[in-house]
């Protein structure tokens, strides 16, 4: 159930495919772990939300990105997030959770959970974060069989969903740029919509991939590149999508607050409350983000006038009848596509 | 499974009861919604973590705190969080999810999930956040029957677990200070360990409750009080526990980043990355927080030397063999109590 | 993911509505608790499968039907069952798990899980089985507000889904035949597709309801009626649907086997195995029911010829290449609607 | 929460280890998929309940036993079953769901869910039922690393839990009796409590294993052996445990009923109801099995006298105040260990 107003029209997968194929590139979204991260992303106008496997593991389970996550845990979180926002959601599906036959179940479940896109990587299981040492690859044949299974399953459920093949061949044992190119070619030939090359080490390496596949929907994450890639380079290299990890922004801010509070005590929090009083997420602003006023609209529609008198006869800092200044709630039963 | 080192000895519930009964008051912890929030809280030295129902609804589901959450959703999150940290975890159980008989199942499940404490409030279902208009109360008899059921169930499973009765009588329809005092007395008589009075409107009102129950374990949340309560007042009033909501700190920081990034683009993120490079949670510091190095320790223990050669033969910004500077991982199989 | 072939064409909800509105009445299905019960029902040619709240509680949780089940537990089981069969699935939603506002979430989740129909009853929470003493009712106004919320939510998601109002007014405190008629009228006026009157005490009482609402989609369960209602009476009274509880059939048979085995030991089981050797569900016939041969079809499509050599080079009583005599598996990627 | 009376004293894992180590052999239990299967098993006096992976896949998901099940799905079902009965529960953990590091998480979660024992097999993932063609093995070194990880994790949580190593080496590609013996030796040396050899083809083969490991806790499933093994042979071979699959008994009975009902209609069900009227599981006997009378005991303890008047003032075929003839409910708050 979603209580926020929709920000897109039509089916999220259709819209996601349109954005990626028609451009302009890059399509800009955010990556994170929870429905809250997704609602912040939607409320500030970004185009898609990406569910990061790494952030899901650390945020929801307190575990490192080392192959501990399982399909049902990812599916359940995907379902919650796809319910919480209207913008397209793309899902990190790790290795696909088994061989090509398991990939059939994985893609089936992720699409039914509401995803507009997903990617599967070519690491052996248990995988690890693409920027961590110790990565290994499955054979190109086994990877191709997974992507073929993914594409067929997608075709039978919703042809608009984007299937992206991620290769970790740049940094993995036995990998390198030649292996990257060989794998991208094989994966595109297997029918995936998009390639995603993890951990390229320089802008030049990104350029090499782009030149080898001039028309491909091509994603690259730049976190091994120094100095940092610029917006101009992203644009010139025609990377199809970008998106920071907002979970990290929150983590640093919370950590700093905790250190300050450990020293300064309650005053640190009351000062912060005073400072953020009129911030859209200060006070009880979170309620507006989730669409709390829509609850009161539903109550007016379904409950008796007597039941609603409680709003007059009770105390509260937050009044759902006047909330909602910062973020738009859904109108009545618009809480569904 | 927890890969972080334990910060407490013994059972969390025993430690929580000891801290609350022996003092010093207030016991200082943090409230939030996820395993990540709990690990940040533990890593910065706080004494307990509280799972906020309001924050769970907004963070994991994108829903307002208006009675949508159900028992299994709370239990699953409790289990994940209690696995992720060693410090005591106290859980917001809303109305207990039904009548006294349902409370038996609720307390049973929450304790089995690993909680060291829990509170149940005296609102009618569906409830709403204690600072929101429109709250209503169940009868004092029905509330007492729930607390008796909670205490008995606790006794049969783990007598150390703290049962806290929360009353929303200050702000609810038909409520007021007299009703608060009447209910606190009845709930303490029913055997709860602690009272929690929501939405008191002034320091004077807190004092009134404290004076009526001079020895009680008494919690009050001060978010309706202006000017903000001070550490000195908290201390003088002998409130047994305090704890800010760190979820909000993260929300404001992420929102501000999103607005900046929407304007300034990729440079905003690379600047942030540069600025936080040596921050404990910058770069891939999150992996340290979750105890990633313990994975590599387990690999050394269980996998063949050949399997470990991959660390030499692969590229990665993060190396689990040298990570772990900022936060202590578990030693080998210490990932369990 | 479903590996069995579909037995219906088109959307299950559309087909369910067509069957109920076009007849012939009664539409005959079965009630039970699990995907296995549903697959047995589909494989033997019945028209729909009903998920019984009572059987779900006892089968999956070992709990009585007394208001312990929660929304997510029902939703998850609904999702699994709707994946496992193609025939329409109708879901017992107890009281709707809260007030009218909670009903919005309930109907939203149950429909998204794949249900073709659902019913909500007018008992107070926690409810109990309709044939158990101790039932109480909510007010007619509160019930109507739930059904209005259910119908609106359904309209916004899938107008074909059947919303059925169940009244327990016959046996509940303060109830009786007059109350039954009053409530049926109010619920039909609120827009539900069908009424379901629980625990009517005689064929005459069923006739009274039928005569009061001559054109309504009307369900009645006859388990308080002695002597048992006949097929001719069901037909003459134009009850819209019937369906035994197959869970009970299994329970009695398993109990009797356990008692026999406790006395006779291993020979009892080997005799049973010998006797059922050529039964469709004897030996490893269960694998055929689930569509195991479709796994091998997928393997032939996606895996390498070398990978398939293992079938020649391994031993097994069951060979997925030749299984499937009793039940039809899905063709290749037909594992989706 | 369990409402049935406990049938064992003390911790289930301690009791399970005692039974297996002190004998007499075989310890006789039953295998199935759900809490209902476990309660039937307990109510008829058997010593343990085994959660079969194959039956869980088919019963709860309608899927074949071919490596589709995941850790959280197995854990959740284990938790429900361990709540529903007091007798020891042993859990089929397939391949352990990954490598030795994943096995740490698997064993941790299964033990926390309440299991008294578990087994992990030496097949490659995705696995298949041990009686199905197409099985393949991981290397003996990789298997040993999993069992070492399992034993260490068990030691840190509950040393009484039984860890059983299952080898599929008899029927898998490259396997045979020599490989069976080689693997059993290695696994016992790795510290497992018990070996489980799947799909031995004759009584002689069982004897060969028994003679090679005269003192081992040794389990063998006889479903590839013709003629069927006898109780005397089981005893003479000192197999440590036996247990039929009761799920199959129910499946055959339900299938036969469905075929009959499809032909004979409602009369078939009313005849069955008449015939089973005084059967412990006939009528509403299922409620007794789950311990329904304990609900009413709790109500008497916690609810007001007025609330209990509803039993006098409502109709019902089943009265929880007089139910419970067939099976013993828990006394008051005995619903927990």
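Would you check which residues across region D:206-237 are out of contact with any strand residue (DSSP E or B) (no Cβ under 7 Å at 6 or more places or on another chain), within 24 Å of residue D:92 (Cβ to Cβ) and touching a residue at least 40 places away in the same chain (Cβ under 8 Å) and list them?
Residues satisfying the conditions are D:221, D:223, D:224.
Which ones in region D:11-22 are surrounded by fewer than 17 Cβ atoms within 10 Å (Cβ to Cβ) and in contact (Cβ under 8 Å) with a residue 40 or more places away in the chain?
D:11, D:21
I'd like the full set of residues that are surrounded by 24 or more Cβ atoms within 10 Å (Cβ to Cβ) and within 8 Å of chain A (Cβ to nearest Cβ), limited to region B:69-80.
Within region B:69-80, none qualify.
Please specify each residue of region C:158-178 satisfying the condition of being under 16 Å from residue C:111 (Cβ atoms) and outside any loop (DSSP other than H, G, I, E, B).
Correct list: C:162, C:163, C:164.
For the list (1) within 11 Å of another protein chain (Cβ to nearest Cβ); (2) free of Cβ contacts under 8 Å to residues at least 60 places away in the same chain, I need the number of the one condition that residue D:39 fails.
Residue D:39 satisfies all of (1) within 11 Å of another protein chain (Cβ to nearest Cβ); (2) free of Cβ contacts under 8 Å to residues at least 60 places away in the same chain except (2).
Taking region B:126-154, which residues are assigned to a loop (DSSP other than H, G, I, E, B) and more than 21 Å from residue A:321 (Cβ to Cβ)?
Matches in region B:126-154: B:138, B:139.
For region C:4-34, how many residues are in contact with a strand residue (DSSP E or B) (Cβ under 9 Å, 6 or more places away or on another chain) and more than 14 Å from chain D (Cβ to nearest Cβ)?
7
Rundown of residues vs (1) more than 19 Å from the chain's Cα centre (by Cα); (2) within 16 Å of residue D:100 (Cα to Cα); (3) surrounded by 24 or more Cβ atoms within 10 Å (Cβ to Cβ), yes/no style:
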| position | (1), (2), (3) |
| --- | --- |
| D:145 | yes, yes, no |
| D:159 | yes, no, no |
| D:169 | yes, no, yes |
| D:172 | yes, no, yes |
| D:184 | yes, no, no |
| D:209 | yes, no, no |
| D:214 | yes, no, no |
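Any idea which of B:161, B:173 is touching a strand residue (DSSP E or B) at 6+ places or on another chain (Cβ under 8 Å) and within 14 Å of chain A (Cβ to nearest Cβ)?
Only one candidate passes the filter, namely B:173.
From the list D:174, D:191, pick out the single residue that is modelled with pLDDT under 95 and either out of contact with any helix residue (DSSP H, G or I) (no Cβ under 9 Å at 6 or more places or on another chain) or within 22 Å of residue D:117 (Cβ to Cβ) (or both).
Step by step, each of D:174, D:191 is checked, and only D:174 is modelled with pLDDT under 95 and either out of contact with any helix residue (DSSP H, G or I) (no Cβ under 9 Å at 6 or more places or on another chain) or within 22 Å of residue D:117 (Cβ to Cβ) (or both).
How many of the residues in region D:288-313 are at the interface with another protein chain (Cβ under 7 Å from one of its Cβ atoms), farther than 14 Å from residue D:40 by Cβ and crowded, with 20+ Cβ neighbours inside 10 Å?
5
Which of the residues spanning region A:129-155 are closer than 16 Å to residue B:307 by Cα and at the interface with another protein chain (Cβ under 8 Å from one of its Cβ atoms)?
Once the filter is applied, which keeps residues that are closer than 16 Å to residue B:307 by Cα and at the interface with another protein chain (Cβ under 8 Å from one of its Cβ atoms), region A:129-155 yields A:132, A:133, A:134, A:135, A:136.
Got a sec? Which of A:270, A:194 is crowded, with 17+ Cβ neighbours inside 10 Å and without any contact (Cβ under 8 Å) to a residue 40 or more places away in the chain?
A:270
If we only count helices (runs of 4 or more DSSP H) wholly inside region D:279-337, which ones have 2 or more residues that are modelled with pLDDT of 95 or more and under 18 Å from residue B:102 (Cβ atoms)?
D:292-302
Just the residues that are in a loop (DSSP other than H, G, I, E, B) and either closer than 15 Å to residue C:293 by Cβ or facing chain C (nearest Cβ under 7 Å) (or both), please, taken from region D:47-65.
D:62, D:63, D:64, D:65
If residue B:203 meets every condition in (1) free of Cβ contacts under 8 Å to residues at least 60 places away in the same chain; (2) away from every other protein chain (no Cβ under 14 Å); (3) over 18 Å from residue B:121 (Cβ atoms) apart from one, which number is that one?
(2)
So residue B:136 passes all but one of these: (1) surrounded by fewer than 24 Cβ atoms within 10 Å (Cβ to Cβ); (2) out of contact with any strand residue (DSSP E or B) (no Cβ under 8 Å at 6 or more places or on another chain); (3) free of Cβ contacts under 8 Å to residues at least 40 places away in the same chain. Which condition number does it fail?
(2)
State the number of residues belonging to region D:230-268 that are part of a loop (DSSP other than H, G, I, E, B) and more than 7 Å from chain C (Cβ to nearest Cβ).
The number of residues fulfilling the criteria is 5.
Residues being touching a helix residue (DSSP H, G or I) at 6+ places or on another chain (Cβ under 7 Å), more than 9 Å from every other protein chain (Cβ to nearest Cβ) and buried (at least 22 other Cβ atoms within 10 Å of the Cβ): count how many of those fall in region B:218-229.
Qualifying residue count for the region: 2.
Out of all the residues in region B:35-60, which are out of contact with any strand residue (DSSP E or B) (no Cβ under 9 Å at 6 or more places or on another chain) and crowded, with 24+ Cβ neighbours inside 10 Å?
Correct list: B:35, B:36, B:57, B:58, B:60.
Before we move on, is residue C:320 within 24 Å of residue D:131 (Cα to Cα) and touching a strand residue (DSSP E or B) at 6+ places or on another chain (Cβ under 7 Å)?
So residue C:320 fits the description; yes.
For region A:83-103, how many residues meet the condition of being in contact (Cβ under 8 Å) with a residue 60 or more places away in the chain and more than 20 Å from residue B:255 (Cα to Cα)?
Going through region A:83-103 one residue at a time, the tally reaches 2.
Check region B:141-163 and report whether any residue there is at pLDDT below 95 and farther than 20 Å from residue B:55 by Cα.
Within region B:141-163 (the criterion being at pLDDT below 95 and farther than 20 Å from residue B:55 by Cα), the answer is no, since none of the residues qualifies.
The values are calculated or read from the model by the stated rules, or taken from the named source; none is laboratory data. All of these numbers come straight from a predicted model, not from anything done at the bench. As a convention, Cβ positions derive from the backbone with ideal geometry for all residues, glycine included, and neighbour counts pool all protein chains shown.
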